[in-house]
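Below is one structure; the comments refer to it alone.
The values are calculated or read from the model by the stated rules, or taken from the named source; none is laboratory data. This one's a predicted model, so the numbers in the text were calculated from it and none came from an experiment. Every residue, glycine among them, receives a Cβ derived from its backbone with ideal geometry; neighbour counts consider all protein chains shown. When the accessible area is computed, the model is the full protein with side chains, heavy atoms only, and any ligands, DNA or RNA have been set aside. Shrake-Rupley method; radii C 1.70, N 1.55, O 1.52, S 1.80 Å.
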Amino acid sequence: MTTAEAIAAAARESAHFTQYAGRTNVGPHTLEQLDADLRNLIKAYPGRPVYPTFLELVELRNRAFELLEGRQYPAQSRDLYLVAGVTCGVMSNASFDLGHMEAAATQARTAYLCAELSGSEWLRTWVRGMQSLIAYWGDHFEEAVAFASSVQGHAAAQGSATVRLASIEARAHARLGDAEGVETALDTAANAREDALHPDEYAGMMAFPVEKQLFYGSTCQVWLGGEARLRRAAQDASRAVSMFEQAPLRQRRVGEMCLARLDLAAARLGSDELDGAAEQVRAVFAEAANRRTDSVRRRLTQVRDQLEAPRVKTSPLAASLSDEIIEFCAPSPPAVTEGHSS
């Protein structure tokens, strides 16, 4: 082969590669539609039954995974990994809400891998928060702190993911009886709120609003206990409930509002205000009737444990309320009317 022939052959090979490498299975509107569908589901999540939403998320995730198995430009791959990661993250939250902790943990691991492949720092932070939350509700409090600490200080000052992460860490410290750790984490959350430079990239259920930050703080004070802390818990939880109630009915974060009410009930029980506690618990029965999330059930059970304290146990109201909690938390037949909380 002459020099000219070798050069020409190499040029043809490069041209062939260009034709092959330039192919993409992602059309001009594919990513836009995937992203729009995902945003609609995330926005609607707090006000919709979880299980039907979960099934729609599965379909969306499968579309993203199928596209990733094909060929696309690197920037398109990163965008697809972001969509897949966010979708798996929300599926983790949905699995958690429905009481399937192992499945939630699996979805979170996949979401974290996708976050790394997409290069999304905020998603890494959000997913670590999800993993910390799963550990927290599984009573693995040191593991919850470890998950939160693994990305603290590395998240970009964008949105509320860092606020959420620090707030979850604070609750885990509270269950460990670490008052100093609680206050440090709550301060981190407050500073992150002030330092956030941009709104959340995906809002809806992935955002961590001020009212949620308030009741996470109230939870910490309830677990640490003491008269002053219980007063602070009641104040913060009451403010959170009021803020949740101000949202339009279809956008109201019912599961989270119920958890704030249960913090308020716990604080009032700690101060021997049984009537006030009963009022909040019964409000939860009404509001969560069709949205019996796992975390609301667990929190109700914890409130019921407080009703066993000697100073209130003999009260007819305490006995009645305890029975009502047992009835409300009793297993029900599988349904598609579960709801959101975290």
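Restricted to region 239-253, and to residues there that are at pLDDT below 90 and in a helix (DSSP H, G or I), the residue that is surrounded by the most Cβ atoms within 10 Å (Cβ to Cβ) is Q251. Taken over region 66-104, the residue count meeting the criterion of being open to solvent by 10 Å² or more (accessible area, probe 1.4 Å), of a type outside the set (S, T, Y) and either outside any helix (DSSP H, G or I) or over 30 Å from G138 (Cβ atoms) (or both) is 15. For the criterion of being within 28 Å of G129 (Cβ to Cβ), surrounded by 13 or more Cβ atoms within 10 Å (Cβ to Cβ) and of a type in the set (K, R), R282 fails. Taking the conditions (1) over 25 Å from L82 (Cα atoms); (2) assigned to a helix (DSSP H, G or I) in turn, G177 satisfies each one other than (2). Residues that are of a type in the set (D, E) and in contact with a helix residue (DSSP H, G or I) (Cβ under 7 Å, 6 or more places away or on another chain) were ranked within region 285-320; the one that is least open to solvent (accessible area, probe 1.4 Å) is D294.
Tally the residues that are modelled with pLDDT of 90 or more and of a type in the set (K, R), restricting the search to region 261-296. Counting residues in region 261-296 that are modelled with pLDDT of 90 or more and of a type in the set (K, R) gives 3.
This table checks each residue for (1) within 21 Å of the chain's Cα centre (by Cα); (2) among the basic types (K, R).
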{"position": "A203", "(1), (2)": "yes, no"}
{"position": "C220", "(1), (2)": "yes, no"}
{"position": "A247", "(1), (2)": "yes, no"}
{"position": "M257", "(1), (2)": "yes, no"}
{"position": "S271", "(1), (2)": "no, no"}
{"position": "A277", "(1), (2)": "no, no"}
{"position": "V281", "(1), (2)": "no, no"}
{"position": "A288", "(1), (2)": "yes, no"}
{"position": "R299", "(1), (2)": "yes, yes"}
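Can you find a residue that is within 25 Å of A135 (Cβ to Cβ) and crowded, with 19+ Cβ neighbours inside 10 Å anywhere in region 22-31? No, that holds for no residue.
Conditions (1) farther than 28 Å from P74 by Cα; (2) surrounded by fewer than 23 Cβ atoms within 10 Å (Cβ to Cβ); (3) at pLDDT 95 or above, marked per residue:
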residue: L117; (1), (2), (3): no, yes, yes
residue: E121; (1), (2), (3): no, yes, no
residue: W126; (1), (2), (3): no, no, yes
residue: M130; (1), (2), (3): no, no, yes
residue: F141; (1), (2), (3): yes, yes, yes
residue: F147; (1), (2), (3): yes, no, yes
residue: G159; (1), (2), (3): no, no, no
residue: R171; (1), (2), (3): yes, no, yes
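Here R261 passes the criteria (1) part of a helix (DSSP H, G or I); (2) touching a residue at least 40 places away in the same chain (Cβ under 8 Å); (3) surrounded by 21 or more Cβ atoms within 10 Å (Cβ to Cβ) except the one numbered (2).
Within region 270-279, does at least one residue satisfy the condition of being under 16 Å from R299 (Cα atoms) and crowded, with 24+ Cβ neighbours inside 10 Å? Yes; the residues of region 270-279 include at least one that is under 16 Å from R299 (Cα atoms) and crowded, with 24+ Cβ neighbours inside 10 Å.
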